[in-house]
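Visitor: What follows is a structure written as structure tokens; I'll ask about it next.
The values are calculated or read from the model by the stated rules, or taken from the named source; none is laboratory data. Not measured: the values here are computed from a predicted model. Here the Cβ positions follow ideal geometry from the backbone for every residue, glycine too, while neighbour counts run over all protein chains shown.
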Amino acid sequence: MKHNIRLSLVLLSGAAAFAGGFAGDVQNVSLTSVAVAEDAKHAEAEGFIQNLTDRGVAFLSDDSLSVEQQKKEFKTILNRDFDLKTIGRFALGRYWKSASAEQRDEYLELFNVMVIDVYSKRFEDYNGQDIKIVGSRAEGKKDVLVSSILKQDGGPDVRLDWRVRQKGSQFKVVDVIVEGVSMSLTQRSDFASVIQRGGGNVEALLQHLRS
């Protein structure tokens, strides 16, 4: 009887050890799979930004294109690779909730036009600079921050970070951070100042954007 009890204890102990080892192996495999998936996501995000910046440099370097043609190329990149709705909504901040549906629709249209107009005016500042991707990391639960360096001849390098978010099967840019300064946050602050000067009414911003 004692022999049988000892044998049962040995078998149970062995089974427990096997189960524990198996569970540990499963956990390790699971963690490895997550790490591999995360690495693949980061690599895809870096490739997305590399492709985006390559296209940008290509049209800015093409002397055969007129300013209007460059503006058209820029608009194509913006509408395809940037989540302008998310960026615009963030830039409006708390005033998004107080705006009517009609005001929101008009605001998003005007915001899109403003971004294209404001940044296309800077095309002439381009002087052969190149952008090099230097890495990426997770930013929050949904985003990846892709880091790059704008290489300038005769000037200091500029740090550009691209916050990208997966939308369905593709990535979209939701913010650009220049030397630690978020463009979305800067725009949000500017818009809030315009609205506050207009008595807290979103219509003040719409009038500003219309003009």
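Visitor: Could you list, in sequence order, all residues of the stretch 81-119 that are of a type in the set (S, T, N, Q), touching a Gly at 6+ places or on another chain (Cβ under 9 Å) and either at pLDDT 95 or above or surrounded by 15 or more Cβ atoms within 10 Å (Cβ to Cβ) (or both)?
Guide: ASN112
Visitor: Sticking with this one: Does ASP161 count as out of contact with any helix residue (DSSP H, G or I) (no Cβ under 8 Å at 6 or more places or on another chain), surrounded by 13 or more Cβ atoms within 10 Å (Cβ to Cβ) and under 19 Å from GLU46 (Cα atoms)?
Guide: yes
Visitor: Can you give me the number of residues within the stretch 129-173 that are touching a residue at least 12 places away in the same chain (Cβ under 8 Å) and small (Gly, Ala, Ser)?
Guide: Matching residues across the stretch 129-173 total 5.
Visitor: Please go through the stretch 178-211 and pick out each residue that is among the β-branched types (Val, Ile, Thr) and buried (at least 18 other Cβ atoms within 10 Å of the Cβ).
Guide: Hits for the stretch 178-211 are ILE195, VAL202.
Visitor: State which residue is nearest to the chain's Cα centre (by Cα) when the search covers only the stretch 167-206 and only residues that are more than 30 Å from ASN51 (Cα to Cα) and among the aliphatic types (A, V, I, L, M).
Guide: Across the stretch 167-206, the extreme among qualifying residues is ALA192.
Visitor: Taking the stretch 159-211 only, how many residues are under 30 Å from ARG137 (Cα atoms) and either aliphatic (A, V, I, L, M) or not in a strand (DSSP E or B) (or both)?
Guide: Of the residues in the stretch 159-211, 21 are under 30 Å from ARG137 (Cα atoms) and either aliphatic (A, V, I, L, M) or not in a strand (DSSP E or B) (or both).
Visitor: Inside the stretch 79-121, can you point out the residues that are within 18 Å of VAL57 (Cα to Cα) and over 22 Å from the mean Cα position of the chain (by Cα)?
Guide: The answer is LYS121, and nothing else.
Visitor: Could you pull out the residue among SER33, SER13, SER8, SER64 that is of a type in the set (Ser, Thr, Tyr), modelled with pLDDT under 95, out of contact with any Phe, Trp or Tyr (no Cβ under 7 Å at 6 or more places or on another chain) and not in a helix (DSSP H, G or I)?
Guide: Checking each option against the conditions leaves just SER64.
Visitor: Looking at the stretch 78-117, which of its residues are part of a helix (DSSP H, G or I), hydrophobic (A, V, I, L, M, F, W, C) and more than 19 Å from ALA204 (Cα to Cα)?
Guide: Within the stretch 78-117, LEU78, LEU84, ILE87, ILE116 meet the criteria.
Visitor: Scan the stretch 91-119 and report the pairs whose first residue is over 18 Å from VAL176 (Cα atoms) and whose second residue is surrounded by fewer than 12 Cβ atoms within 10 Å (Cβ to Cβ), with Cβ atoms within less than 7 Å and a gap of 6+ or a chain change.
Guide: What qualifies is LEU110/ARG210.
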